[in-house]
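Chemist: After the structure tokens below, expect a handful of questions from me.
Values quoted throughout were computed directly from the atomic coordinates according to the rules given, and no laboratory measurement underlies them. The shown structure was predicted, so the numbers you read here are calculated from the model rather than taken from an experiment. Note: ideal-geometry Cβ built from the backbone for every residue, glycine included; neighbour counts use all protein chains shown.
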Amino acid sequence: MAFSDRELLARLIQCEAGGEGDAGMRGVAGVVMNRVNIQGGEYQRVGQGSIRNIIFQPGQFTCVEEFVGGRPNPQNIYNMRPEAIHYEIADWAIAGQRLYNVGQALWFFNPYSPSCQTYFPTNIGIFAARISQHCFYNPTDAYFQT
């Protein structure tokens, strides 16, 4: 399907963080846009400033996968029906707005536990904040060597 960047971001926000409240959805949107705008490292090479490239980078967002564990993934961006709040948050993030506590975050992760690990996915990201069920991670200097 030929969705606009705004539509793709709204669908990803709903899918990845629809149950995480306003702050959780804003955090996820900020991560996507941080990856789009980063100067250096893997996301600059892969994304090349494109929301679409970042969202569809293989292995990054479960909500983009049509199959997970060999089974159809019913919770994917193609099955989402974004509401006004998802578009508002997409517009907010595209305009350059970020939450203060996850302003530079490049990753989010649901640990399914009460605590967040210090580094994610490896030593390239360091814990910044937890919002609802997601832990957010800022890049370390090691990220820029990726």
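Chemist: I'd like to know if region 1-24 contains one or more residues that are among the polar types (S, T, N, Q), assigned to a loop (DSSP other than H, G, I, E, B) and closer than 15 Å to residue 54 by Cβ.
Modeler: Within region 1-24 (the criterion being among the polar types (S, T, N, Q), assigned to a loop (DSSP other than H, G, I, E, B) and closer than 15 Å to residue 54 by Cβ), the answer is yes, since at least one residue qualifies.
Chemist: How many residues does region 128-145 hold that are closer than 22 Å to residue 36 by Cβ and either small (Gly, Ala, Ser) or in contact with a strand residue (DSSP E or B) (Cβ under 9 Å, 6 or more places away or on another chain) (or both)?
Modeler: Qualifying residue count for the region: 12.
Chemist: Separate question: Mind checking which pairs have a first residue in region 59-77 that is touching a residue at least 12 places away in the same chain (Cβ under 8 Å) and under 26 Å from residue 87 (Cα atoms) and a second that is polar (S, T, N, Q) and surrounded by 13 or more Cβ atoms within 10 Å (Cβ to Cβ), Cβ under 7 Å, 6 or more apart or different chains?
Modeler: From residues that are touching a residue at least 12 places away in the same chain (Cβ under 8 Å) and under 26 Å from residue 87 (Cα atoms), the pairs are 63/75; 63/76; 64/76; 66/73; 66/76.
Chemist: Among the helices (runs of 4 or more DSSP H) confined wholly to region 28-127, which include 1 or more residues that are surrounded by fewer than 13 Cβ atoms within 10 Å (Cβ to Cβ)?
Modeler: Of the helices (runs of 4 or more DSSP H) lying wholly inside region 28-127, those with at least 1 residues that are surrounded by fewer than 13 Cβ atoms within 10 Å (Cβ to Cβ) span 41-47, 84-94.
Chemist: Which of the residues spanning region 1-47 are polar (S, T, N, Q) and farther than 18 Å from residue 121 by Cα?
Modeler: 4, 14, 37, 39
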